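The values are calculated or read from the model by the stated rules, or taken from the named source; none is laboratory data. Keep in mind that this is a model prediction, so the values were computed, not measured. Cβ atoms come from the backbone with ideal geometry, glycine included; neighbour counts cover every protein chain shown. Just so you know, the surface numbers come from the protein's heavy atoms only, side chains and all, with ligands and any DNA or RNA stripped out. Shrake-Rupley method; radii C 1.70, N 1.55, O 1.52, S 1.80 Å.
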Amino acid sequence: MTLVWLKVSSILLMVIFIGNCKNDFLDSHWKSPIPYQGSPPNSFSSLEKELNPSDCGKCHSKQFQEWSTSFHSRTVSDGFLWQLETMPFEKRKTCYSCHGPLSESFDTLESFLDGNGILKEETDQHMRPKFESFSKGLENPGLICASCHVREHTRYGPPPSTITSTKPGSNKPDSDFYLNSPLPHNGFIPKKEFENSQFCKNCHQSKPTGVLLNGKQLMETYSEWEQSDFAQKKISCQSCHMESRSHTWKGIHDKEFVRNALDVQFSFKKQKSTIEVIGSIESRKIGHSFPTYTIPQIHLELFVIQNGKKISIKQASIGRLVDSNLTQEYYDTRLKPGEKLVLISEFPLPNSGELTLGFQVDVDPDELYVRTFEENLIDQKELSSAARRSLRSAIREKKSSKYNLFTSLKPVPLL
């Protein structure tokens, strides 16, 4: 079977390159693949021995429910599965390092392919939202609770948000208590790194040797943040994407989250014979480029409605548009933190009739994925039936992610 994997693997690798950390704990914590957990302590109950998120959710129900709604719970989905058979093993391993970083996840993901690297029929995410038909492996081999919080069956997490135990005469938590305690799974080891942006760098920053387009890496979210006022003010990734320690990691796909991070304004000024129409969008609460990555596109339009007919008078796009082979950058109009884009246009003021002015902002979170996936549906003639079903399902899902962020209509009195 001839495999054409360069295009799709490059797209996939945009979100899994590993950045170089200078933190010994993080270097060890994000070693790829994460070493096997090994045999759990004999004192552990059957529940404590498990790595499946649903088992963690027995006690951590809030975190489990939030994670279940997040994109972190869907790092292994149709858009990922169909690509597996287009890549050799070494390329797949690189993808797994973020999409399913546990060694146990590696094994489960590889079990989805037969001896020839072809996606098995039962690995049809479109028909089977979970992986129940596999007798071995994780129920979800993607980015799960254990990916961040478990190493050799020892649990790690951020320092407690409230003091629950202290040494006599001290007002600081006793970290030893959390490790050697009557708590389930022998407690945990608190690490401040869980509250640091560098914790996220592993999967949200291209490595220095990665692909460069127009002198820029494909993914620079961490360095964008590092160069911003947010970093200087110690406003971390977690401050926004894990507010109050939420495990939802909201981002570009969440309309309310995006709307609250921007200042969108619309106004007009009547002149003697024309009307000036002004629309603006400002990045107010975003600590990296808006949007980050090369995937999303934001479309802005000023328009008038005259006698029931819509007339577009000014358009613009915010994003980093690249070709599907990731070899050429067409433009990069993304907003840096605090940056503002203003659209201004003039329109002849009619003497009579009805006139309404409008400003619209639409978000296409998965524009590059849709374009690339549709091309591969045509080009990848030798995909298996299971991979083709996953590809079609991924296209439907990505197309459905579009939404209108902002629309304002202002009638204009003509007398």
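A few remarks follow.
- Filtering S103, S111 for residues that are in contact with a strand residue (DSSP E or B) (Cβ under 7 Å, 6 or more places away or on another chain), in contact (Cβ under 8 Å) with a residue 24 or more places away in the chain and over 23 Å from M242 (Cα atoms) leaves a single hit, S103.
- Among (1) over 19 Å from Y156 (Cβ atoms); (2) open to solvent by less than 10 Å² (accessible area, probe 1.4 Å); (3) among the hydroxyl-bearing types (S, T, Y), the one test that S54 misses: (2)
- Put simply, of L391, L377 the only residue that is out of contact with any strand residue (DSSP E or B) (no Cβ under 8 Å at 6 or more places or on another chain), surrounded by 17 or more Cβ atoms within 10 Å (Cβ to Cβ) and among the aliphatic types (A, V, I, L, M) is L391.
- Members of region 183-193 that are surrounded by fewer than 18 Cβ atoms within 10 Å (Cβ to Cβ) and assigned to a helix (DSSP H, G or I): P184, K192, E193
- Any chance S408 is in contact with a Gly (Cβ under 9 Å, 6 or more places away or on another chain) and surrounded by 13 or more Cβ atoms within 10 Å (Cβ to Cβ): yes
- One residue stands out among those in region 213-254 that are charged (D, E, K, R) and farther than 23 Å from D323 by Cβ: the one that is least open to solvent (accessible area, probe 1.4 Å), which is D254.
- Positions within region 278-303 being surrounded by 21 or more Cβ atoms within 10 Å (Cβ to Cβ) and in contact with a Cys (Cβ under 9 Å, 6 or more places away or on another chain), in sequence order: I286, G287, H288
- Tally of residues being open to solvent by 20 Å² or more (accessible area, probe 1.4 Å), within 21 Å of R389 (Cα to Cα) and either β-branched (V, I, T) or assigned to a helix (DSSP H, G or I) (or both) across region 93-115: 2
- Of the residues making up region 257-276, those that are within 28 Å of the chain's Cα centre (by Cα) and touching a residue at least 12 places away in the same chain (Cβ under 8 Å) are V258, R259, N260, A261, L262, D263, V264, Q265.
- In region 199-212, the residues that are polar (S, T, N, Q) and crowded, with 18+ Cβ neighbours inside 10 Å: N202, Q205, S206
- Given (1) assigned to a strand (DSSP E or B); (2) open to solvent by 60 Å² or more (accessible area, probe 1.4 Å), number of the condition R259 does not satisfy: (1)
- Matching residues in region 27-66 - criterion: being out of contact with any Pro (no Cβ under 7 Å at 6 or more places or on another chain), closer than 20 Å to N186 by Cα and assigned to a helix (DSSP H, G or I): H29, S46, L47, P53, S54, D55, C56, S61, Q63
- Within the option set L321, L343, L383, being closer than 20 Å to G251 by Cα and of a type in the set (A, V, I, L, M, F, W, C) holds for one residue only, L321.
This table checks each residue for (1) closer than 16 Å to P291 by Cα; (2) of a type in the set (D, E, K, R).
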{"site": "G358", "(1), (2)": "no, no"}
{"site": "D366", "(1), (2)": "yes, yes"}
{"site": "F373", "(1), (2)": "no, no"}
{"site": "I378", "(1), (2)": "no, no"}
{"site": "E382", "(1), (2)": "no, yes"}
{"site": "T407", "(1), (2)": "no, no"}
{"site": "V412", "(1), (2)": "no, no"}
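- Region 277-336 - residue that is touching a residue at least 40 places away in the same chain (Cβ under 8 Å), touching a strand residue (DSSP E or B) at 6+ places or on another chain (Cβ under 9 Å) and among the small types (G, A, S) and, of those, farthest from L414 (Cα to Cα): S289
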